[in-house]
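Trainee: Before we start, here is the structure in question, set down as structure tokens.
The values are calculated or read from the model by the stated rules, or taken from the named source; none is laboratory data. It should be emphasised that the depicted structure is a prediction, and the values quoted were computed from it without experimental measurement. In this analysis, Cβ positions are derived from the backbone assuming ideal geometry, glycine residues included, and neighbour counts consider all displayed protein chains.
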Amino acid sequence: MRLPFRQTRVLALGLAMAAVPTAALVSGAPATTAAVVTAAPQIPDSPAGRQLSWFLDAVPRAPIPAAELEEHLNAEFLKAIPADDFNAFVKGLKGLTLEKLTTVQPTTLVGLASVGGHTYVLTIAVDGEGRINALRLDPGPAPVPPAPSSWTRFDARLKKAAPETGSVTAEIDTRGRCEVVHGKAADKPRPLASIFKLYVLGAVAEKIRDGGLSWDTKLTIKPEWKSTGQGGLVDRPDNSTTTVHEAAKLMISISDNTAADILIHTVGRKAVEAKVRAWSGHAKENIPFLTTRELFLLKGVNYPAQAKAYLALSPARKLDYLQKTVAGQSLSDIKVWTTPRENDTLEWFGSPRDVCRAYAGLVKLNSKQLNETLAANDGSLKLDPARWPTVWFKGGSEVGLLNMSYLARSAKGRVYVVTTLTADPKAAIDENTAAPELISLSRGAFALVKTG
């Protein structure tokens, strides 16, 4: 499962490598490990695939000559991670073995790799010229624990998941209303992170329904609309094109920030704000509705002065500040942060019930393409397809935030939404342990509504 909201591609990599010493990647490995012989995964003949093949071949040869690195790593990557640092990192990866690929796209590959008896999530992405601009080895997620068997246990475990939590389990009835089955602080607004993209998708689907756009409409990937993230449209050449359907699917399935911003610019900020007003009880907190690029620049450039200057303004003056000040700033000026920053003031906001209302609105706008978009990634929920043939998912994360929201339609046609919103105002949330717990709680909630 890919969670959203990463910081700038190159700088995030730099932090990942700097924060995890090479020795830590292999420490604690037993002297001998049992080997299981399996067929090597087939690496696609694509820009990302060719670079992955090179990387796997280069690891045993480290140190890799600087000239060779310049052929395979883009300039920004090498600026953030000089050749000596890269080789120091790679030197600790001797014995790296690719076990399988879980996400395969022309410019991005994600899979599982083993080093010293431990399993890691390997991510590699390339730019428009086919050079590596993102390379990560993250600890593999913990196993999903057993689902809670009662609402009492659900509440107890959710309380332990993070210092601040909110949830709702609700049925969307035939009139499109969210009837809450179980909830905690169901109406308290919280930072949504990338769950906000449901509002963007709603504005797009509504414009298509009204004839102002089609799923096949071609969109230009303007450089000034590009945002941060790994893979997706940010790695396409400037001024190349995509379609509304592709952008929407990437925005939901891999939480592509650039795709989201392109769609916001396409339908217009006011159209997205209109969906927030229609589907949320907390629209005021989302005006003006930020693009992801604007949010990252506000938090990452000249912090905290710029953030405080923006927050002190009225909504009308905030929009002017975005257009006249923030729009001219560069993503390369962003300084990455590793502790929560302005999550209660600079974010997109909504309550757990608001998220259910957004799903209810999308159900009304339903079409084949919309369903394909929302069902492209089930968020590792893995419900029994015989009982739950349709599952939609949108998650969101930032430093100090981890949110998950699912919609599932039962074989009998009943529609339920389970949303969990968690936050830690003081520290980053460990997604490797928190994400499996939220998945488990969500599975339990769907089981409980079926038996309750």
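Trainee: Answer yes or no: is there a residue in region 116-128 that is among the hydroxyl-bearing types (S, T, Y) and outside the structural domain of F55 (by TED's automatic domain parsing). Let's see the steps before the verdict.
Mentor: Within region 116-128, the first condition is being among the hydroxyl-bearing types (S, T, Y), and the residues that meet it are 119-120, 123.
Going one step further and asking which of them are outside the structural domain of F55 (by TED's automatic domain parsing), we end up with none.
No, because not a single residue in region 116-128 is among the hydroxyl-bearing types (S, T, Y) and outside the structural domain of F55 (by TED's automatic domain parsing).
Trainee: Additional query: Tell me yes or no: at least one residue of region 148-164 is within 30 Å of H265 (Cα to Cα) and either assigned by TED's automatic domain parsing to the domain that holds A278 or in a helix (DSSP H, G or I) (or both).
Mentor: Taking region 148-164 as the starting set, the residues that turn out to be within 30 Å of H265 (Cα to Cα) are none.
There is no residue in region 148-164 that is within 30 Å of H265 (Cα to Cα) and either assigned by TED's automatic domain parsing to the domain that holds A278 or in a helix (DSSP H, G or I) (or both).
Trainee: Also: When region 425-452 is examined, which residues are found to be surrounded by fewer than 21 Cβ atoms within 10 Å (Cβ to Cβ) and either touching a Gly at 6+ places or on another chain (Cβ under 9 Å) or of a type in the set (F, W, Y) (or both)?
Mentor: Once the filter is applied, which keeps residues that are surrounded by fewer than 21 Cβ atoms within 10 Å (Cβ to Cβ) and either touching a Gly at 6+ places or on another chain (Cβ under 9 Å) or of a type in the set (F, W, Y) (or both), region 425-452 yields P425, K426, A427, A428, N432.
Trainee: For P436, state whether it is of a type outside the set (V, I, T) and touching a residue at least 60 places away in the same chain (Cβ under 8 Å).
Mentor: On the way: of a type outside the set (V, I, T): yes; touching a residue at least 60 places away in the same chain (Cβ under 8 Å): yes.
It is true that P436 is of a type outside the set (V, I, T) and touching a residue at least 60 places away in the same chain (Cβ under 8 Å).
Trainee: Can I ask one more? Counting just the residues of region 80-127 that are among the hydroxyl-bearing types (S, T, Y) and crowded, with 19+ Cβ neighbours inside 10 Å, which one comes out nearest to S253 (Cα to Cα)?
Mentor: Step one: list which residues in region 80-127 are among the hydroxyl-bearing types (S, T, Y), which gives 97, 102-103, 107-108, 114, 119-120, 123.
When the remaining residues are screened for being crowded, with 19+ Cβ neighbours inside 10 Å, the result is 107-108, 120, 123.
Numbers: T107: 15, T108: 13, Y120: 21, T123: 16 Å.
Out of the qualifying residues, it is T108.
Trainee: Being in contact (Cβ under 8 Å) with a residue 40 or more places away in the chain, within 15 Å of the chain's Cα centre (by Cα) and closer than 18 Å to A186 by Cβ narrows it down to one of L448, L421, so name that one.
Mentor: Working: L448 fails: within 15 Å of the chain's Cα centre (by Cα).
When all the criteria are applied, what remains is L421.
Trainee: A further question on this structure: Just to be sure, is A358 in the same structural domain as E206 (by TED's automatic domain parsing), in contact with a helix residue (DSSP H, G or I) (Cβ under 8 Å, 6 or more places away or on another chain) and closer than 27 Å to V391 by Cα? Working first, answer last.
Mentor: Working: in the same structural domain as E206 (by TED's automatic domain parsing): yes; in contact with a helix residue (DSSP H, G or I) (Cβ under 8 Å, 6 or more places away or on another chain): yes; closer than 27 Å to V391 by Cα: yes.
Yes: the conditions hold for A358.
Trainee: So is Y310 outside any helix (DSSP H, G or I), without any contact (Cβ under 8 Å) to a residue 40 or more places away in the chain, within 30 Å of P163 (Cα to Cα) and not charged (D, E, K, R) or not? Steps first, answer last, please.
Mentor: On the way: outside any helix (DSSP H, G or I): no; without any contact (Cβ under 8 Å) to a residue 40 or more places away in the chain: yes; within 30 Å of P163 (Cα to Cα): yes; not charged (D, E, K, R): yes.
Criteria not met by Y310.
Trainee: Can you tell me which of (1) touching a strand residue (DSSP E or B) at 6+ places or on another chain (Cβ under 6 Å); (2) modelled with pLDDT of 95 or more; (3) not in a strand (DSSP E or B) is the one K207 doesn't meet?
Mentor: Condition not satisfied by K207: (1).
Trainee: Since V181 meets every condition but one in (1) β-branched (V, I, T); (2) farther than 17 Å from G361 by Cα; (3) under 20 Å from the mean Cα position of the chain (by Cα), which condition does it not meet?
Mentor: The one condition V181 does not meet is (3).
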